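In what follows, a single structure is set out as structure tokens and then discussed.
Each value in this text was obtained by applying a stated rule to the coordinates, not by laboratory testing. Everything quoted here is computed from the prediction, not taken from an experiment. For neighbour counting, all protein chains shown are included, and Cβ atoms are generated from backbone atoms with ideal geometry for every residue, glycine included.
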Amino acid sequence: MRSEETSEKTLVVGLGISGRAVCALLGSRGAEVSGADLRCRDEFKGALDSLEEAGCVLSLGPHRIEDFLKADRIIVSPGIPLDIEPLREARRRGIEIVGEMEWSWRQVNLPVIAVTGTNGKTTTTALIGEMLKEAGRSPFVGGNIGTPLSQWLLSGAYADIIILEVSSFQLDTYPTFRPDTGVLLNVTEDHLDRYENFEAYAASKLSIFRRQDRANFAIVNADDPVCLEHIEEIPGQILLFSSSDAAANAFVSGAQIRVAVPGKGKLDISLAKTSLKGAHNRENIMAAALAALSMDVRAEAIQAAVDGFGGFAHRVEWVRNWKGIDFYDDSKGTNVGAVVKALEGFDRPVLLLLGGRDKLGSYEPLIAPLTARGKGIFAFGEAGPRIFDELSGKFPATLSPDLGSAFRDAVRMAAPGDVVLLSPGCASFDQYEGYAQRGNHFKELAAELGDE
């Protein structure tokens, strides 16, 4: 273990899955722990009962600043804004504030691969995990995807390596975190409703490398202008991947990817059998292969994982063909950069369903791919009016109050050979509990079209 650190009074702010797991883990180690959450007890439906039975003191509803100031350490969940007044005052008093994953990372002494980026994190993280499994290793795969690291620690399950998906919110609370291999896939506009500007968001992503040294690997997208702009600031051993630059450590050459890591070896990966299609997934494969090779995974295991990996729901997922029209669910595409990647994966006319809760970024990056293959834009939800105002003068566009209306408008315009794509570029929380519910609604709408 890097550090036990359980003897002091600890306040956990945010009692979602990861926050509850941290409370339980601290309690199991005899720590004095309390938890705070703005939600009322009824919203947890009994999920807090076991914590109270174990001695955790809970403060629900509006935050009380005295709860924060009597703590020796505060552990915050990723969804908690760091500029709320109780945290600001605690920071002024010198109280340590760390994230759930930072504290959990301090409790283990295993090699860590950490993956961040605006888009592609989940696919890349999971693919690395499959490569390690094919090599006979026992990875824990989690973090921002699936199981929080604290919950895995609480379970007592075995692993010999940790593979983490890491969000920008988590990186903002990582004062000591240093992955053995860090991966930065791309940086495009996202979460500008939480960050002061794009530069602040980009700095958060780049901070994954901040505490590395030459003993650590930093895997970076050589085709991403933000990554390249800051390449000289990265202290680790840099491994580049590119769709075209043969000087990169991983690059696309026809129907294969060529990979080389100094001191670790070389390999060629065939793309013939993979179900991960599109330029964005070739980037994910390159990054994953470099990460696996940095951990001495053999070539056969990497190839087997690429051949067998099936991808995830709601990520440019084919839904059905109806009257020659293909329907794709990319509900996980919650920022404009993701929409650009999705559009670039098609060589046919696309009718794009775009909208939800606005993240306040620019929609201008959509102009080029929509000019190349866009047949129409169908804007919906809270962000619909702004999307319509920005893009309607450039492309055929309709404005709808909700996804169902936008879907029906798109189907009326579609012709055989076209693609109807839900890639909303926005959060889902204006009308849905999450992106999965929104994607499932899209699938239901497609299914209701009938079988003729």
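Numbers at a glance
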| quantity | calculated |
| --- | --- |
| Given charges at Cβ of Lys, Arg, Asp, Glu: the chain dipole, positive-most of VAL141, PRO111, ALA299 | ALA299 |
| Charge dipole magnitude, Cβ of K and R +1, D and E -1 - the chain, Cα centre, debye nearest 20 | 640 debye |
| All-pairs Cα distance distribution in region 108-308, expressed in whole percent, bin size 10 Å | 9, 39, 37, 14, 1 |
| Positive-pole candidate from GLY19, GLY94, PHE44, dipole of region 10-100, charges at beta carbon | GLY94 |
| Cα gyration tensor category, rounded, prolate or oblate, for region 26-110 with a/c compared to 1.5 | oblate |
| Coil-residue trypsin sites (Lys or Arg not before Pro) of region 242-279, DSSP, other Cβ within 10 Å capped at 15 | LYS273, LYS277 |
| Per DSSP, loop chymotrypsin sites (Phe, Trp or Tyr not before Pro) in region 152-253 with at most 12 further Cβ within 10 Å | TYR158 |
| For VAL141, net neighbour charge (Lys/Arg +1, Asp/Glu -1) across residues whose Cβ lies under 10 Å away | -1 |
| Radius 14 Å from Cβ of LEU15, net charge of other residues (Lys, Arg +1; Asp, Glu -1) | -3 |
| Prolate/oblate/rounded call for the chain, Cα gyration tensor, a/c under 1.5 rounded | oblate |
| Gain on full stretching of the segment that runs from ASP402 to ALA157 - 0.36 nm per residue minus C-alpha separation | 83.9 nm |
| At most 13 other Cβ within 10 Å, DSSP loop - GluC sites (Glu not before Pro), region 357-447 | GLU433 |
| DSSP beta bridge pairing in region 10-100, given as percent antiparallel to the nearest 5 | 0 percent |
| Over 32 Å between alpha carbons, listed pairs LYS277/LYS323; LYS45/LYS70; LYS70/LYS359; LYS277/LYS443; LYS394/LYS443; LYS133/LYS277 | LYS70/LYS359 |
| Calculated [θ] (222 nm, deg cm²/dmol) that DSSP helices of n ≥ 4 give over the chain, each run adding -39,500 (n - 2.57) | -9000 deg cm²/dmol |
| Neighbour-count order for ARG282, ARG412, ARG210, ARG39, fewest beta carbons within 10 angstrom listed first | ARG412, ARG39, ARG210, ARG282 |
| Among PHE327, ALA246, GLY393 - extreme Cα towards positive end, dipole of the chain, charges at beta-carbon | ALA246 |
| Distant-in-sequence amide H partners of VAL76 (H built 1.01 Å from N, under 5 Å) | VAL13, VAL98, GLY99, GLU100 |
| For region 317-447, size of Cβ-based charge dipole, Lys and Arg +1, Asp and Glu -1, in debye | 260 debye |
| Fraction of beta bridges assigned by DSSP in region 185-324 that are antiparallel (%, nearest 5) | 60 percent |
| Rounded Å value of the spacing that divides the Cα centres of region 213-245 and region 342-387 | 30 Å |
| Summed residue charge, Cβ within 11 Å of GLU32's Cβ, Lys/Arg positive, Asp/Glu negative | +2 |
| Förster-model FRET efficiency, 51 Å R0, ARG29 and ASP389, C-beta, rounded to 0.05 | 0.40 |
| Region 241-289: antiparallel DSSP beta bridges as a percent of all, rounded to 5 | 85 percent |
| Prolate/oblate/rounded call for region 109-150, Cα gyration tensor, a/c under 1.5 rounded | oblate |
